[in-house]
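Enquirer: Please read through the structure below; I'll follow up with questions.
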Amino acid sequence: MTTFTLHLPRDARPGDPAALEKADLVKDAFSWGAFFFTFLWFFVHRLWLAGLCVLFALVAFNMMLNLLNVHPTASLVAHVLFSALIGLEANSLRRWTLARHGRPTADVVSAADRDEAETKIAARWLERSAAPAPAPARAAAPSPAPRVYPSPRTEPVIGLFPDAERPR
């Protein structure tokens, strides 16, 4: 099962089917497209800042390998590992960019594929409009006054549990 995150527009109201048309569903898994096409994958997904950063990092990484006169086989392995890192982090960078543009994660769903995830998300989202509004919370009962224990020490206690050594 793969996890998918739903990112909705800012003005989305719960249960609004038009909001689902503008929503982005991002897979939380390795991105083969980002692995093979690196910065081009970011540009296709309109992640301009992340794409430019990856392009700059790729050029700097290549220059560093050439400057250090690394063996071609080691250079190939290093490029594959760098591409693997990009493939692992591409969808996280996509979620980060969406959150930065005011579209934080609205829902998370686990599904076998994208179609099943879209079906589950649509069912949950449209179910919210049919659900009655939650009742207002009742006022909490006043809490009793805290007990005051005499302390044999006068210096302040440093730690997380200052009441652990209460006299019994």
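Enquirer: When you scan region 1-117 for helices (runs of 4 or more DSSP H) that lie fully inside it, which ones turn up with 3 or more residues that are more than 30 Å from E127 (Cα to Cα)? Outline the logic, then answer.
Expert: Values: elements: 17-21, 32-37, 39-44, 48-67, 72-100.
Fully inside region 1-117 and qualifying: 32-37, 39-44, 48-67, 72-100.
Enquirer: Taking the options F82, F42, F30, name whichever one is over 19 Å from the mean Cα position of the chain (by Cα) and of a type in the set (F, W, Y).
Expert: Working: F42 fails: over 19 Å from the mean Cα position of the chain (by Cα); F30 fails: over 19 Å from the mean Cα position of the chain (by Cα).
That would be F82, the only listed residue that is over 19 Å from the mean Cα position of the chain (by Cα) and of a type in the set (F, W, Y).
Enquirer: List every residue pair whose Cβ atoms lie under 8 Å apart, where the two residues are 6 or more positions apart in sequence or sit on different chains, the first residue falls within region 11-22 and is closer than 20 Å to D115 by Cα and surrounded by 10 or more Cβ atoms within 10 Å (Cβ to Cβ), and the second residue, located anywhere, is modelled with pLDDT under 80 and not charged (D, E, K, R).
Expert: G15/S129; G15/A130; D16/S129
Enquirer: Please tell me if L81 is over 28 Å from G15 (Cα atoms), surrounded by 12 or more Cβ atoms within 10 Å (Cβ to Cβ) and of a type in the set (A, V, I, L, M).
Expert: On the way: over 28 Å from G15 (Cα atoms): yes; surrounded by 12 or more Cβ atoms within 10 Å (Cβ to Cβ): no; of a type in the set (A, V, I, L, M): yes.
The answer is no for L81.
Enquirer: Of the residues that sit in region 86-100 and are crowded, with 18+ Cβ neighbours inside 10 Å and more than 11 Å from the chain's Cα centre (by Cα), which one is nearest to W48 (Cα to Cα)?
Expert: Among them, the one singled out is A90.
The values are calculated or read from the model by the stated rules, or taken from the named source; none is laboratory data. Treat the numbers as computed from the prediction; the structure is a model and nothing was measured. Every residue, glycine as well, gets a Cβ built from its backbone with ideal geometry; the counts of neighbours run over all protein chains shown.
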